[in-house]
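Notes follow the structure.
Computed from the coordinates by the stated procedures, all read-outs in this text should not be read as laboratory data. These numbers come from a predicted model, not from an experiment. Here the Cβ positions follow ideal geometry from the backbone for every residue, glycine too, while neighbour counts run over all protein chains shown.
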Amino acid sequence: MRIELQRLAGSGGFDALANRLPEMSAPLLNGLAFVADRDAGQLASTDYLPPDAGGQLPQDRQYFQLEVWRFNQPPLRFDSGAAVLPMYVRVSWPYWIPGVASVTPQAARRQFTFVVSLNR
């Protein structure tokens, strides 16, 4: 995930990436979305600066969905003068099940959350 976030920060700028991340709210909805394959060997952004066609992950291999938010309260709230961007991440699975026409509803997926930071 760090490599993909660094790609996005390098492509659009660190502050642009930070400002693209939605702030956390309750309930936790509509984070910046990524998908990963079953072994997490390939991860790609789905809506913000998605990779070119060769770097995209086919639907039938999109097992994990990762969503990222920025914090809305100090001390972890993003400061454009800071050297780091703290983020809240939710990983949920299974996102797509091969042969099924739509994504698995969020309420039916397993999930794990954690905090990560990206250095400028």
Using the count of nearby Cβ atoms within 10 Å as a rough guide to exposure, how do S80, S45 rank from fewest to most? S80, S45
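Mean separation of Cα pairs under 8 Å and 6+ residues apart, divided by the residue count of the chain: what relative contact order is that in percent? Each step should come with its number before you reach the end.
Numbers: 216 pairs, mean separation 26.4, N = 120.
For the chain, the relative contact order is 22 percent.
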Cα→Cβ-extended label distance, 7 Å offset, between S117 and R61, nm: 3.4 nm
Cα axis of helix 2-12 to longest principal axis of the chain: angle in degrees, 0 to 90, nearest 10? 60 degrees
Whole percent per 5 Å bin, from 0 to the bin with the longest distance: what is P(r) over all C-alpha pairs of segment 1-56? 4, 18, 27, 25, 16, 9, 2, 0
By how many nm would the segment from R110 to Q6 grow when fully extended, if each residue of separation counts as 0.36 nm and the alpha-carbon distance is taken off? 34.8 nm
In whole Hz, what ³J(HN,Hα) sequence does segment 69-75 give by Karplus (6.51, -1.76, 1.60; θ = phi - 60°), x for Gly and Pro? 10, 9, 6, 9, 10, x, x
Debye equation applied to the C-alpha atoms of segment 3-120, log10 I(q)/I(0) at 0.18 Å⁻¹: -0.95
